1. Work out how much length residue 175 to residue 144 would gain on full extension: take 0.36 nm times their residue separation and subtract the Cα-Cα distance, in nm to one decimal.
2. Using alpha-carbon positions, what is the distance between the centroids of segment 76-99 and segment 110-153, in Å?
3. Which ³J(HN,Hα) values in Hz, rounded to whole numbers, follow from the phi angles of segment 70-82 under the Karplus curve 6.51 cos²θ - 1.76 cosθ + 1.60, where θ = phi - 60° and Gly and Pro get x?
4. Along the charge dipole of segment 43-86, Cβ charges K/R +1 and D/E -1, which of 59, 75, 46 sits furthest on the positive end?
5. Restricting to DSSP loop positions (anything but H, G, I, E, B) with no more than 13 other Cβ atoms inside 10 Å of their own Cβ, which trypsin sites (Lys or Arg not before Pro) remain in segment 65-169?
6. Compute the Rg/Rh shape ratio of segment 44-112: radius of gyration over Kirkwood radius, all on alpha-carbon atoms.
7. Bin width 5 Å, alpha-carbon pairs only: give the P(r) of segment 1-125 as whole percents, running from 0 to the bin holding the largest distance.
8. Give me the one-decimal nm value for the distance between modelled label points at residue 117 and residue 199, 7 Å along each residue's Cα-to-Cβ direction.
Amino acid sequence: MRRPVVAGNWKMHGMRAENARLVEALIEGADDASCEVVICPPFVYLWETGRQLKDTTIALGAQSVCAEVQGAFTGEVSAAMLKDAGCRYAIVGHSERRQLYYEDDALVARKFVAAQAAGLVPILCVGETLEERDRGVTEDVIGRQLDAVIAVAGVTALARAIVAYEPVWAIGTGKTATPDQAQAAHAFIRGRVAARDANIGGGLRLLYGGSVKAANAAELFGKPDVDGGLVGGASLKADEFLRICAAAT
């Protein structure tokens, strides 16, 4: 049985006081959640948020990670540093990192490996742009992104990872893939992995990330291959995020 996961990606939002109030509300409301809840604040708030989450059921995650172990990489944060700050998860390959910062499949794969080597669970993001969907190459794109990681880390590494399908055309746009579109992409991902290892493919937790809201969460999460969500803007509103968590249970 795959345990549902709901991860909140705060992106570059929040300040100390409002973060503290948000986390307090999430702790109070998520205590009885039967899904796994993860929140990913900006780097500068990880330590403080982590201290607030200590001895709670909510896990701490990072929005990205450096592929290098240490060294002269100004502005970067290593996986070991994230682990030391209390993180259990790290997002790798988010569409905004791929598009805005030109992170290619090879770099994403290295980040995936670096995260696992430090004891973090990578949340690997894959997904297509609107132009790619319109050209009918969604599965080609997702397959290429998955294969790049498998080629470097091996399929067994996915047993210690989560994959998030995020159609790029639905990130921050208010548009959402239909439940059937999400299910089709998730079924493809699971089948792609299962073709290499049936047990790992069957147990792989797959999140949908693309304008997930309380209003659409239950229908999305009701699909057999959708195991939860990677939530953006809605994770900044405690009531909304908790309703999404409730839908995942």
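Derivation of every value follows stated rules applied to the coordinates shown; laboratory data play no part. Keep in mind the model is a prediction, meaning the values are calculated, not measured. Every residue, glycine as well, gets a Cβ built from its backbone with ideal geometry; the counts of neighbours run over all protein chains shown.
1. Working it through step by step, the gained length comes to 8.7 nm.
2. The two parts, judged by their Cα centres, are 15 Å apart.
3. Here the 3J(HN,Hα) series is 6, x, 7, 10, 3, x, 8, 10, 7, 4, 5, 5, 5 Hz.
4. It is 59, whose Cα lies furthest towards the positive end.
5. 135
6. Ratio of gyration radius to Kirkwood radius for segment 44-112: 1.00.
7. Result, from short to long distances: 2, 11, 21, 23, 20, 13, 7, 2, 0 percent.
8. 2.6
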